[in-house]
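Participant: The structure that follows is given in the form of structure tokens.
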Amino acid sequence: MHIAKWMIGAALIAGMGSVGHAAQRDPVYANARAAGQVGEQTDGYLGTIGAVPAEVRDMVRDINIRRKAAYTRQAGNQSTVEQFAFVSGCNLIARTEPGEMYQTPGGGWQKRGASPPERDPRCI
């Protein structure tokens, strides 16, 4: 099981780069992330936090559509899209920077501090 997660995680890092880098170049994304309006969810998708402008909701929807397409391509026969997305969420939360928001295993939102983020125990 751990080997399969590692392979999925490696594929995520290789394949998600274009989605992540494209989003980071978008000033709407950068501003929303810095303002704590968006954060990484445990399911591998980006989420909105509180009331956000329509521009931010639209941006999150577009990013999540691209993520699902990438997860679908990369999951292949080795896992389900949901399993791949979950492991991706583990990796994306681990890569958050201090001050960025992420979803805890209990479903609440947390601002990342200097220490590693709280992740689901199934994350490796």
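The values are calculated or read from the model by the stated rules, or taken from the named source; none is laboratory data. Bear in mind the structure is a predicted one, so any value in this text is a computation, not a measurement. Reconstructed Cβ throughout: ideal geometry from the backbone, glycine too, with neighbour counts over all protein chains shown.
Participant: How many residues does region 39-54 contain that are farther than 24 Å from Arg122 by Cβ and among the β-branched types (Val, Ile, Thr)?
Facilitator: First, the residues of region 39-54 that are farther than 24 Å from Arg122 by Cβ: 48, 50-54.
After this cut, where a residue has to be among the β-branched types (Val, Ile, Thr) as well, the list is 48, 52.
Final tally of qualifying residues: 2.
Participant: Follow-up question, since we're still on this one. Check region 109-124 and report whether any residue there is among the aliphatic types (A, V, I, L, M), within 21 Å of Val38 (Cβ to Cβ) and touching a residue at least 40 places away in the same chain (Cβ under 8 Å).
Facilitator: No, every residue in region 109-124 fails to be among the aliphatic types (A, V, I, L, M), within 21 Å of Val38 (Cβ to Cβ) and touching a residue at least 40 places away in the same chain (Cβ under 8 Å).
Here is a yes/no grid of residues against (1) at pLDDT 90 or above; (2) β-branched (Val, Ile, Thr); (3) closer than 28 Å to Gly106 by Cβ:
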site: Ile13; (1), (2), (3): no, yes, yes
site: Met16; (1), (2), (3): no, no, yes
site: Arg33; (1), (2), (3): yes, no, yes
site: Gln37; (1), (2), (3): yes, no, yes
site: Glu40; (1), (2), (3): yes, no, yes
site: Ala51; (1), (2), (3): yes, no, yes
site: Asn64; (1), (2), (3): yes, no, yes
site: Gly76; (1), (2), (3): no, no, no
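Participant: Now a separate question. Looking at region 56-82, I want the residues that are farther than 17 Å from Val28 by Cα and have a partner that is surrounded by 15 or more Cβ atoms within 10 Å (Cβ to Cβ) and of a type in the set (D, E, K, R) with Cβ atoms under 6 Å, at least 6 apart or on another chain. Which pairs are those?
Facilitator: none
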